[in-house]
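For reference, the structure discussed in these notes is given below.
The values are calculated or read from the model by the stated rules, or taken from the named source; none is laboratory data. If you're wondering where the values come from, they're calculated on a predicted model, not measured in any experiment. Every residue, glycine as well, gets a Cβ built from its backbone with ideal geometry; the counts of neighbours run over all protein chains shown. SASA here: full protein model, heavy atoms, side chains in, ligands and nucleic acids out. Shrake-Rupley method; radii C 1.70, N 1.55, O 1.52, S 1.80 Å.
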Amino acid sequence: MLAWQSAAIAFNPVPVMITLPDIEVCTEIYSSASSLVYRGIRQSDNTPIILKVLKADYPTTAALIRSKQEYAITRSLDIEGVIKVYSQQDYQRSLVMTLEDFGGESLEKFRQDLPESYCPMPLAEFLHLAIQLAEIIGSIHASQVIHRDINPSNIVLNPATGRVKIIDFGIATRFSRTNPSFQNPNVLEGTLAYISPEQTGRMNRILDYRTDFYSLGVTYYELLTGQLPFVTDDMLELVHCHIAGQAITPHELNSEIPPIVSEIILKLMAKNAEDRYQSAAGIEADLGTCLLQLETTNKIEAFPLGMQDISDRFQIPQKLYGREAEIETLLAAFERVAGETKEQNTYPKSQIELILVAGYSGIGKSALVQEIYKPITQKRGYFISGKFDQFGRNIPYSAIVTAFQSLMRQILAESETALQQWRDQILEAVGAIGQVIIDVIPEVELIIGAQPPVPKVGAIEAQNRFNLVFQKFIRVFSSPEHPLVIFLDDLQWVDSATLKLIELMMTDSETQSLLLIGAYRDHEIDAVHPLLLLLNELRSRSIAVNQIALAPLALQDTCQLIAETLHRDAASIAPLAELIQRKTAGNPFFVEQFLKMLYTENLIEWAGRVSTGGGRHGGTTPTKPWFS
């Protein structure tokens, strides 16, 4: 038995709150915001079991659906390193799940109970455990499941046998790629200290299986150093650390960690998924090399990482190509409205700005705008968005309503203290006519409560009244303490009422720290389109209107995208790049779709595979991937 694993585990029994036929519940072993976990015995065959029950007396429909999904996914994973689930049944108004008990405890509990002499974990024991975890996660991914909540609380270790299993698939997904949305950190799925940058919804990146590698890296970091890479009680600051902060190198915190092991951990924790390991096999191979060196020479020397890290998944990099100048223009505008300066006031401070992004469908307008997520998080700002509909032009304020509904949801997720502050500020701004705002954005009532009815007036008076109160309303949410970014997409279909509101926002001298971004298809509007008429009017009043015109990708950018997708140098794929450039006219969306079509139709395929002839952790240098 390994020394770190042999620490005694003491249980503190608590009053049992669950009774089931044929089951003796022994003790509560874990309690979270949503569930309770008990250890018990199935009396009919004297089998040790774990019981997991929803905590709420009246679980929501969403919680019940999530519990059923957890059961279905866990039951489908016939993997040695995944906890086995026996059954799920109704319990009062809730659900209870019965799982195997193999005599383990979570790594988090081990860490809490161990004496300081065992924490951080000794290197040899860490490597044995880390290799097992990489292998298990690889098996989970091979089953087309992403765990999305890898952390020490969800890794269970049996101290007597050394067996380790991963538990809690409550937020796991079968989707290969998902797109998290920008939302309040209080409602993010996963354990905030361990979630990947893309899982925060503030990275302009699709979430895929590599999110688990980041969380695994944070777990490794904590096990080896005895602390998390980012330590703060401020949730928004923690989110920003994940997406932009740099952790202290592990071997700087613990001199017994070889630098190459630090490099493995930091590679797992790379901000961009493309810079992490691309396969669990690659992680396992490099950790195995470390263990082999340690066991044979009692030291670990540096070696090239990722030599056996070849993904079997077709992945197109998610970064933007050929948009450096446009990104700089966008970020500079935000710095101005947020009160930031750069390079000795290169960007003078301003109160309100309007930026219009023009280009064809699929050219990357939305992807460009979402690059603003990082600085918004750093400045504790809010990002909200709405989209106009071609067939909804007769619905006034449709995109504005959608945008502010999302803002209300973000605010409702804040603490009660913060919510009370918002309530006071909104009521002060809208006065006795708050119902005017509620009539358009019903979610506002959830914050300020029911409001008295307002007198009925004529159509023009009602319009003016709404415009006046909305100006005051928007000032509440845009300030140097929390800048507001509003993104309105497909402005070519904007309604006249919204255009008037935009004019009022841009000309309001009392509004601060507001960045309004609009995107439109410039080929679908003409010189007399109401949007262009408004822009001319704003310019005539000396209001700056910034415009970004997104052009198709240049051939060199298309070539770089394809080269990084196929893991080849640009020269070798130049003919393919020229062909795709001609077929797609450099439209980024079409370039990606064309590449996916080539792969789906088996017109490009892997020509090289990893050789592991030296055994589990050995092997020859792999051939580089190529598509033919």
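Could you go through region 522-537 and let me know if any residue there is farther than 17 Å from Tyr360 by Cα, of a type in the set (S, T, N, Q) and touching a residue at least 12 places away in the same chain (Cβ under 8 Å). No; the residues of region 522-537 include none that is farther than 17 Å from Tyr360 by Cα, of a type in the set (S, T, N, Q) and touching a residue at least 12 places away in the same chain (Cβ under 8 Å). Restricting Asp90, Asp168 to those that are touching a strand residue (DSSP E or B) at 6+ places or on another chain (Cβ under 9 Å) and either free of Cβ contacts under 8 Å to residues at least 40 places away in the same chain or of a type in the set (Ser, Thr, Tyr) (or both) reduces the list to Asp90.
Being surrounded by fewer than 18 Cβ atoms within 10 Å (Cβ to Cβ) and at pLDDT below 85 is a property that does not hold for Phe182. When region 258-316 is filtered for residues that are among the basic types (Lys, Arg) and farther than 19 Å from Tyr221 by Cα, the ones remaining, listed by number, are Lys299, Arg313. Kindly provide the set of residues from region 218-229 that are part of a helix (DSSP H, G or I) and either among the aliphatic types (A, V, I, L, M) or in contact with a strand residue (DSSP E or B) (Cβ under 6 Å, 6 or more places away or on another chain) (or both), ordered by number. Across region 218-229, the qualifying residues are Val218, Leu223, Leu224. Within the option set Tyr71, Tyr30, Tyr58, being of a type in the set (Phe, Trp, Tyr), open to solvent by 30 Å² or more (accessible area, probe 1.4 Å) and out of contact with any Phe, Trp or Tyr (no Cβ under 9 Å at 6 or more places or on another chain) holds for one residue only, Tyr58. For Thr232, the conditions (1) open to solvent by 30 Å² or more (accessible area, probe 1.4 Å); (2) closer than 15 Å to Leu192 by Cα; (3) assigned to a helix (DSSP H, G or I) are fulfilled apart from (3). Among the residues of region 573-584, not a single one is among the polar types (S, T, N, Q), surrounded by fewer than 19 Cβ atoms within 10 Å (Cβ to Cβ), assigned to a helix (DSSP H, G or I) and out of contact with any strand residue (DSSP E or B) (no Cβ under 6 Å at 6 or more places or on another chain). The residues of region 521-532 that are in contact with a strand residue (DSSP E or B) (Cβ under 7 Å, 6 or more places away or on another chain) and open to solvent by 10 Å² or more (accessible area, probe 1.4 Å) amount to a single one, Asp522.
Determine if region 301-315 includes at least one residue that is open to solvent by less than 50 Å² (accessible area, probe 1.4 Å), under 20 Å from the mean Cα position of the chain (by Cα) and touching a residue at least 12 places away in the same chain (Cβ under 8 Å). Yes: region 301-315 contains one or more residues that are open to solvent by less than 50 Å² (accessible area, probe 1.4 Å), under 20 Å from the mean Cα position of the chain (by Cα) and touching a residue at least 12 places away in the same chain (Cβ under 8 Å). Of the residues in region 170-179, none is in contact with a helix residue (DSSP H, G or I) (Cβ under 6 Å, 6 or more places away or on another chain) and more than 21 Å from Gly138 (Cα to Cα).
Candidates are the residues of region 186-217 that are in a loop (DSSP other than H, G, I, E, B) and among the aliphatic types (A, V, I, L, M); the one that is farthest from Leu287 (Cα to Cα) is Leu188.
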